[in-house]
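The values are calculated or read from the model by the stated rules, or taken from the named source; none is laboratory data. The structure displayed is predicted, hence computed values, not measured ones. In this analysis, Cβ positions are derived from the backbone assuming ideal geometry, glycine residues included, and neighbour counts consider all displayed protein chains.
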Amino acid sequence: MINKDTKMPEGFPEQFWGGFHRYVVYGTPAGSFLMAFIEGDFHEMCRRGGEGTVSDVWGMVLYLHNHCPTGCYGSAEHVREWLAEGGLSGLEKTG
């Protein structure tokens, strides 16, 4: 499971790790491409990212599915709730 000390995993594109990690751990919004990816809006993700960026997604998908809480991704509603909670840090404080 991802936490505040988790280092960038192998296969995860370096340019997205910081924003992704801050989103999951602290509930901080990421850039438009990454937010579309997290919401599962793949049409918008491709539109925002372009061909070179989209080709890097496989490692991100594997990491998201295998190491992140299911409530933090998959729809715009899940993302709104995750942001409102403050990510894992917010959940730890309330719970």
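Quick grid of which residues meet (1) touching a residue at least 60 places away in the same chain (Cβ under 8 Å); (2) more than 19 Å from residue 4 (Cβ to Cβ):
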residue	(1), (2)
26	yes, no
39	no, yes
45	no, yes
48	no, yes
53	no, yes
58	no, yes
61	no, yes
72	no, no
query = Here is a list of conditions, (1) small (Gly, Ala, Ser); (2) within 11 Å of the chain's Cα centre (by Cα); (3) assigned to a helix (DSSP H, G or I), and residue 30 meets all of them except one; can you say which number that is?
reply = (3)
ask   = Of the residues that make up the range 50-58, is at least one at pLDDT 95 or above, within 16 Å of residue 12 (Cα to Cα) and not aliphatic (A, V, I, L, M)?
value = no
request  = Could you identify the single residue in 18, 11, 50, 71 that is of a type outside the set (S, T, N, Q), assigned to a helix (DSSP H, G or I), farther than 27 Å from residue 92 by Cβ and out of contact with any Ser or Thr (no Cβ under 9 Å at 6 or more places or on another chain)?
outcome  = 50
Whichever residue in the range 3-18 is farther than 15 Å from residue 38 by Cα and in contact with a helix residue (DSSP H, G or I) (Cβ under 6 Å, 6 or more places away or on another chain) and, among such residues, is modelled with the lowest pLDDT = 11
